[in-house]
Structure formats: C-alpha cells, structure tokens
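Novice: Could you have a look at this structure, given as structure tokens, before my questions?
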Amino acid sequence: MTNGGRLLKRGDTYDIECWRTSHRLRVGQSILRGLGLEPTWPEHAEDCMNHPNNRFNRIHGYSYPCLGDCPHRLDPPATWPEWATDEMFDLAYRLADETQTERGNWHQRQINEERREREARAREEKVS
C-alpha cells in the first residue's frame, strides 16, 4: 500500500506535517464516499465523558481523555465494508493527488500568463 492509501484506510483526514496531504486525504475521502464507502468507528463507552449522553456534563473547551474500557481510548482505525480493498484506497488517493496537481498546474499557468501580459504592458509603456 502507498502511504496515502494507508492514511485513507486508517480514516485520517488531516496530516499535521503537510497541508497538501491533508487536502488530498479529504478529496480522497469524498471520492470514496461518492462510491458508497463510508467508514465507521466504535461508539464511546456509556461511562466515558465523551459519550454523546454526557455532553451536558462536560466543561466547554476542556479536552476529556477516554478512560477505562472506552473503545476510543486506544484510537482505533476506521472500519470499512468487507468489499473495500487496499487497491481502492491507493487509487482514490492517487486520483485525488492527480486532480489537485493538475488543478494547481492550471492555476499556475494562468498566473504566469497574467504576469507575462503585465510585464509586456510595462515594457511597452516604458518604451513609449
């Protein structure tokens, strides 16, 4: 598996070291979601402070750790449908990467064209 495919399969949507990877992960997740692949995570334990039933007992802005036998305590990876293969995650990330790279190239070409036009106008004004 590629690193991008592995991150997608793990359910990551954010890479602290690279905003480009983060964006590609989000695009890859939307590609998978469009194909009907939705990840699932286990619910918090009833006595865990992060369980939805305990939301009114929490202090705003405080990050409560999962304690005891909460399934989220060990940060479990996402669970995907059985028919999802490693190749699908690799291809989704690769498509996201190719899409964002080509989009960036197109925008850069537009910027370069505008810069050349500005410089040509500036040279013409300078000559005249």
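Novice: Could you tell me how many of the residues in the stretch 72-82 are of a type outside the set (Lys, Arg), without any contact (Cβ under 8 Å) to a residue 40 or more places away in the chain and surrounded by 14 or more Cβ atoms within 10 Å (Cβ to Cβ)?
Specialist: Residues flagged as of a type outside the set (Lys, Arg), without any contact (Cβ under 8 Å) to a residue 40 or more places away in the chain and surrounded by 14 or more Cβ atoms within 10 Å (Cβ to Cβ) within the stretch 72-82 amount to 1.
Novice: While we're here: Just one of (1) closer than 30 Å to Arg6 by Cα; (2) part of a loop (DSSP other than H, G, I, E, B); (3) without any contact (Cβ under 8 Å) to a residue 40 or more places away in the chain trips up His107, so point out which.
Specialist: (2)
Novice: Thr85: of a type in the set (Val, Ile, Thr), over 30 Å from Trp41 (Cα atoms) and surrounded by 10 or more Cβ atoms within 10 Å (Cβ to Cβ), yes or no?
Specialist: Details: of a type in the set (Val, Ile, Thr): yes; over 30 Å from Trp41 (Cα atoms): no; surrounded by 10 or more Cβ atoms within 10 Å (Cβ to Cβ): yes.
No, not satisfied.
Novice: Among the residues of the stretch 1-25, which ones are out of contact with any Phe, Trp or Tyr (no Cβ under 7 Å at 6 or more places or on another chain) and free of Cβ contacts under 8 Å to residues at least 24 places away in the same chain?
Specialist: Selection gives Asn3, Asp12, Thr13, Tyr14, Asp15, Ile16, Glu17, Cys18, Trp19, Thr21.
Novice: Additional query: Just to be sure I understand, how many residues within the stretch 16-30 are within 16 Å of Gln100 (Cα to Cα) and not in a helix (DSSP H, G or I)? If you could, list the steps in order and put the result at the bottom.
Specialist: At the first step, the residues of the stretch 16-30 found to be within 16 Å of Gln100 (Cα to Cα) are 18-30.
So of that shortlist, the ones also not in a helix (DSSP H, G or I) come out as 18.
Count: 1.
Residues are listed down the side, and each one gets a yes or a no for (1) exposed (fewer than 12 other Cβ atoms within 10 Å of the Cβ); (2) under 16 Å from Met88 (Cβ atoms); (3) of a type in the set (A, V, I, L, M, F, W, C):
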residue	(1), (2), (3)
Gly5	no, yes, no
Arg10	no, yes, no
Glu17	yes, no, no
Ser22	no, no, no
Gly28	no, yes, no
Leu37	no, yes, yes
Met49	no, no, yes
Arg55	yes, no, no
Asp69	yes, no, no
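Laboratory data are not the source of any read-out in this text; all were calculated from the coordinates shown. It should be emphasised that the depicted structure is a prediction, and the values quoted were computed from it without experimental measurement. Positions of Cβ are backbone-derived with ideal geometry, glycine not excepted, and every protein chain shown enters the neighbour counts.
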